[in-house]
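Below is one structure, written out as structure tokens, with a few remarks after it.
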Amino acid sequence: MMRDIFVMSLDAMRSYKVRTFLTLIGVIIGVGSVIMVTTAGNSVGSFVQAQWNVFNPTGMVIGAGTGGATPQLSIRSVVFTTNDVDKIQALPNIKTVAPIGIVPLKKVLLRNGFLKWDSRPGDTMYASTPALLEILNAELETGTMFEEGKNEIIISKSFSEVFGKDKPLKVGDTIYIQRIDAKTLESKIVGILKESKTNYLVGSIATPAIICPTKPYYSTYFGSNVGTIFKRVTAYSVLLAEATDINHVQAVQDEVQNYLNNGSSDAGQYKNKNTDFIVITQQYIVNRIDQVMSVIRTYITAIALISLIIGGIGIANIMFATVTERTREIGTMMAIGAKRRDILQLFLYQSTIIGLLGGVIGIITGIIGSAFVVNLLSQNIQNLGGALSQAGGIGLSYSMEWFIIAAVVGIIIGITAGVLPARKAAKMDPVVALRYE
Amino acid sequence: MEYTTSTEAALMSEYVIEINSLTKIYTSGKNEFKALNNVTLHIRKGDFVAIMGPSGSGKSTLMNIIGCLDRPSTGRIMLESDDISTLSDNELAEIRGKKVGFIFQKFNLVPTMNALKNVALPLVFLGGSRGEREKRGYELLEKVGLTNWATHRPSELSGGQQQRVAIARALCNNPSIILADEPTGNLDTKTGEQIMELLVALNKEGKTILLVTHAIALKRFANRVINMLDGEVTEET
């Protein structure tokens with residue numbers, strides 16, 4: 001008998017095609033938009049994560065600045081001495097430490113025949129050690145590493161085309177680097193980095209155009225108490241460090257902080273009193289991005305859920321209208337032997353079918369719509385140009401749990417929205433219902 | 001069957017409906033309205049009873065109570081030895097399905113179902129299988145002469161045809177009584193006559209029929225005429 005009443009519900013829905021269709025659309029849009037929004041959020045999230053993951057997961061940035069919930073690194077404060085680099089390198093669980101000394105450039109020159117020079121404005125140049133490449137996850141495409149003390153540099157792939165795509169710089173070429181203090185250094189290119197995804201680290205630190213050895217390019221000095229002798233040592237603004245493995249990142253972070261703050265470090269002396277030492281880990285960056293993404297995702301998902309609820313209200317609305325319209329029919333059915341339960345089922349089936357069907361079609365719509373939306377986002381990112389566009393498009397990343405949530409919520413809303421109208425129908429007094437005009 | 005005294009057995013089988021001192025009071029706010037006032041009425045198996053009276057006389061209320069759609073305020077009503085005065089909604093629904101066939105002025109067919117499905121609808125609520133329903137449906141459509149219209153929806157049928165489908169539906173569960181509430185009210189005279197003839201034919205087959213109407217012309221089809229006024233009954237002789 002339940003099956004027969006189910007068939008009756010289907011028949012009724014078939015008779016009210018337009019009405020059923022419009023109600024369905026409400027649910028489809030609700031379920032579909034939840035899936036679309038969550039998929040888009042998920043896809044963008046994965047994309048952004050992937051952007052940051054190019055930086056070593058065990059890596060961290062050590063600097064001075066303002067701490068707190070959102071640490072701000074101040075790369076202008078030069079505080080870390082060579083002595084500090086060695087001490088931090090000696091801490092347990094540290095794999096490598098690379099200092100970063102920023103060399104401000106005026107321009108870059110290329111000899112182009114007798115007394116003829118090509119000149120380009122300066123680019124970012126970091127003085128560091130070979131360990132830097134390891135921490136940045138950067139690899140040489142051609143050439144070798146520079147040697148400390150020699151006029152040798154490594155350049156990025158994009159910088160190799162600074163004098164024109166037709167005249168790419170090659171390993172073995174010599175360029176002239178003019179520092180901001182007007183001192184010009186003849187430099188031999190010994191290596192070119194592989195083109196990589198954008199290596200954003202933190203703040204304004206990124207993979208530089210030129211990497212050079214400290215000597216002879218970088219010359220910021222401080223006094224340092226090395227042992228009992230006071231001598232002049234090179235000082236840097238930022239250090240990059242790498243833990244031995246992912247499980248020791250936190251320990252290393254604590255140890256570095258401890259070393260810097262316990263009074264024995266040079267940096268402790270030179271640091272501005274108003275600033276703190278900051279150790280920013282890859283994990284921290286990823287977590288921050290996650291937090292931001294999840295706020296955005298929650299917000300838009302909430303909006304999508306509202307549309308799902310509106311779909312449910314649509315069902316309730318149309319079911320109430322249908323029940324009222326079919327009042328006399330309900331009375332007739334009661335007169336010929338229908339029990340209240342039968343009437344309840346008759347209408348509950350209808351809203352359940354709408355909920356189910358809307359859920360299923362909504363999922364399909366969501367899948368197709370997601371592909372479309374993510375593709376659109378991906379194109380927009382390409383059109384934006386800049387760093388993100390080099391990383392390729394946004395991959396489609398469905399979040400399965402939201403498929404289930406959207407479908408289940410859709411169906412539950414469908415059923416609950418049908419309960420009140422169905423109860424209204426089932427509770428009718430047959431005498432009154434039969435008299436209804 | 002068990003042995004009973006002859007008079008008791010005769011009485012039990014004789015009356016399809018036994019109504020004793022039935023009163024129905026409607027209250028709205030502080031106002032009380034006596035729709036039925038101490039009605040006593042016995043209807044035998046095979047009777048064709050016309051219940052006549054102006055609107056507001058209580059004939060619809062009486063019919064609703066006999067048809068198990070409503071309960072009396074006081075008094076007792078027996079339908080084929082079942083006391084239906086105090087049954088629950090579900091029990092009443094079951095008795096309606098099994099023992100009462102309704103014919104309405106406005107036919108009250110389900111517009112989304114074809115004639116066949118409408119006729120067999122009462123069987124759905126009694127749990128009849130699809131095969132049973134089709135068999136019974138065709139049987140009854142043949143009886144009312146609408147076999148060729150089985151797959152047509154009510155909107156495709158004339159008024160007379162719709163009422164014949166409704167009569168077929170009323171017969172579906174082989175009820176003890178048929179309650180016809182102004183069955184010709186929405187039909188022209190000629191079609192009305194045909195419907196009445198169909199009811200008379202059913203009565204001749206042994207069906208007990210209660211006809212509720214205020215059309216005096218229909219009186220002649222009945223073998224008993226009961227007049228109602230202000231909730232009280234008087235029988236014409």
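The values are calculated or read from the model by the stated rules, or taken from the named source; none is laboratory data. Nothing here was measured: the structure is a model prediction, and the numbers come from that model. Note that each Cβ is placed from the backbone with ideal geometry, even for glycine, and that neighbours are counted across all protein chains shown.
In segment B:72-90, is there at least one residue being under 15 Å from B:Ile17 (Cα atoms), within 13 Å of another protein chain (Cβ to nearest Cβ) and polar (S, T, N, Q)? The answer is no; no qualifying residue exists.
In segment B:80-120, the qualifying residues are those that are small (Gly, Ala, Ser) and in contact with a helix residue (DSSP H, G or I) (Cβ under 7 Å, 6 or more places away or on another chain), and the one that is surrounded by the fewest Cβ atoms within 10 Å (Cβ to Cβ) is B:Ser81.
Look at segment B:118-134: where a residue is at the interface with chain A (Cβ under 8 Å from one of its Cβ atoms) and under 19 Å from B:Phe104 (Cβ atoms) and a partner is at pLDDT 90 or above and assigned to a helix (DSSP H, G or I), sitting 6+ places away or on another chain with Cβ atoms under 6 Å, you get B:Pro122/B:Gly97; B:Phe125/A:Asp342; B:Phe125/B:Gly97.
Please determine whether any residue of segment B:68-89 is farther than 28 Å from A:Ala338 by Cβ, more than 17 Å from the chain's Cα centre (by Cα) and of a type outside the set (S, T, N, Q). Among the residues of segment B:68-89, not one is farther than 28 Å from A:Ala338 by Cβ, more than 17 Å from the chain's Cα centre (by Cα) and of a type outside the set (S, T, N, Q), which makes the answer no.
Per the listing A:Phe47, A:Phe6, the residue uniquely among the aromatic types (Phe, Trp, Tyr), assigned to a helix (DSSP H, G or I) and surrounded by fewer than 19 Cβ atoms within 10 Å (Cβ to Cβ) is A:Phe6. Of all the residues in segment A:395-437, those that are in contact with a Phe, Trp or Tyr (Cβ under 9 Å, 6 or more places away or on another chain), more than 14 Å from chain B (Cβ to nearest Cβ) and farther than 19 Å from A:Ser351 by Cα number 2. Listed by first and then second residue, the pairs linking a residue in segment A:7-31 that is more than 9 Å from chain B (Cβ to nearest Cβ) and closer than 30 Å to A:Glu401 by Cα to a residue that is outside any helix (DSSP H, G or I) and at pLDDT 85 or above, with Cβ atoms under 6 Å apart and 6 or more places separating them unless they lie on different chains, form an empty list. Residues of segment B:163-177 that are touching a strand residue (DSSP E or B) at 6+ places or on another chain (Cβ under 8 Å) and of a type outside the set (S, T, N, Q): B:Ala166, B:Ile167, B:Arg169, B:Ala170, B:Leu171, B:Cys172, B:Pro175, B:Ile177. Is segment A:332-351 home to any residue that is in contact (Cβ under 8 Å) with a residue 40 or more places away in the chain, in contact with a Lys or Arg (Cβ under 8 Å, 6 or more places away or on another chain) and outside any helix (DSSP H, G or I)? No, the conditions are met nowhere in segment A:332-351. At least 1 residues being surrounded by fewer than 21 Cβ atoms within 10 Å (Cβ to Cβ) is the threshold, and among the strands (runs of 3 or more DSSP E) wholly inside segment B:169-237 those reaching it are B:224-229, B:232-236.
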